[in-house]
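The structure under discussion appears below in the form of structure tokens.
The values are calculated or read from the model by the stated rules, or taken from the named source; none is laboratory data. Keep in mind that this is a model prediction, so the values were computed, not measured. Positions of Cβ are backbone-derived with ideal geometry, glycine not excepted, and every protein chain shown enters the neighbour counts.
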Amino acid sequence: MKISCKRAYEAASADDGQRFLVDRLWPRGVSREKLQATWLKDVAPSTALRQWFDHQPERWEAFEHRYAAELAGSPQHLKPLRDALDAGPVTLVYGARDTRYNQAVALRDYLLAHPRHS
């Protein structure tokens, strides 16, 4: 299972596989044509969780746990990602500046830790 994370402001590439925007908000200044991704708004953290986290590294661990609980509570939202992963590589696209502490990284880690059960 190959899952990559890439900023929305980076160009799409052939090895990205299927691309999914995993932000609740569309990234500023990026057209749909340039992004070349399916928008999975419902997979993104809730607005309340996103605002609480505010990309503060000291809140990262708590954010991961809270986000994992949100994902576990709505497994139907993960179906497009899981189906795409069955077909090949997937890239999770995000708009945050921070490449380490963002929801795409947390989502990738969640998917790797909780694979689809046969």
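On the given criteria, is Arg19 loosely packed, with under 11 Cβ neighbours inside 10 Å and under 15 Å from the mean Cα position of the chain (by Cα)? Step through it out loud before you land on a result.
Values: loosely packed, with under 11 Cβ neighbours inside 10 Å: no; under 15 Å from the mean Cα position of the chain (by Cα): yes.
When the stated conditions are applied, Arg19 does not pass them.
Would you mind stating whether Ala62 is assigned to a helix (DSSP H, G or I), farther than 13 Å from Arg24 by Cβ and at pLDDT 95 or above?
Working: assigned to a helix (DSSP H, G or I): yes; farther than 13 Å from Arg24 by Cβ: yes; at pLDDT 95 or above: yes.
The answer is yes for Ala62.
Tell me, please, whether a residue that is farther than 23 Å from Lys79 by Cα and surrounded by fewer than 16 Cβ atoms within 10 Å (Cβ to Cβ) can be found in the range 2-10. Steps first, please.
Residues of the range 2-10 farther than 23 Å from Lys79 by Cα: 9-10.
Subsequent filtering for residues that are surrounded by fewer than 16 Cβ atoms within 10 Å (Cβ to Cβ) retains 9-10.
Yes, the range 2-10 has at least one match.
Just give me the residues in the range 78-118 being in contact with an Asp or Glu (Cβ under 6 Å, 6 or more places away or on another chain) and either assigned to a helix (DSSP H, G or I) or surrounded by fewer than 15 Cβ atoms within 10 Å (Cβ to Cβ) (or both), in sequence order. Quick ask: steps written out before the conclusion?
The first filter runs over the range 78-118 and keeps only residues in contact with an Asp or Glu (Cβ under 6 Å, 6 or more places away or on another chain), leaving 91, 94-95, 106.
Answer for the range 78-118, where residues must be in contact with an Asp or Glu (Cβ under 6 Å, 6 or more places away or on another chain) and either assigned to a helix (DSSP H, G or I) or surrounded by fewer than 15 Cβ atoms within 10 Å (Cβ to Cβ) (or both): just Ala106.
Contact list please: Cβ distance under 7 Å, first residue in the range 36-56 and free of Cβ contacts under 8 Å to residues at least 40 places away in the same chain, second residue assigned to a strand (DSSP E or B), pairs at least six apart or on different chains.
Within 7 Å, the pairs are Gln36/Arg19; Trp39/Leu21.
Looking at the range 40-51, which of the residues that are part of a helix (DSSP H, G or I) and in contact with a Phe, Trp or Tyr (Cβ under 8 Å, 6 or more places away or on another chain) is surrounded by the fewest Cβ atoms within 10 Å (Cβ to Cβ)? Outline the logic, then answer.
Our first condition is that a residue be part of a helix (DSSP H, G or I); within the range 40-51, this holds for 41-43, 47-51.
Checking the rest, the ones that are also in contact with a Phe, Trp or Tyr (Cβ under 8 Å, 6 or more places away or on another chain) come to 43, 49.
Details: Val43: 23, Leu49: 17.
By that ranking, first place goes to Leu49.
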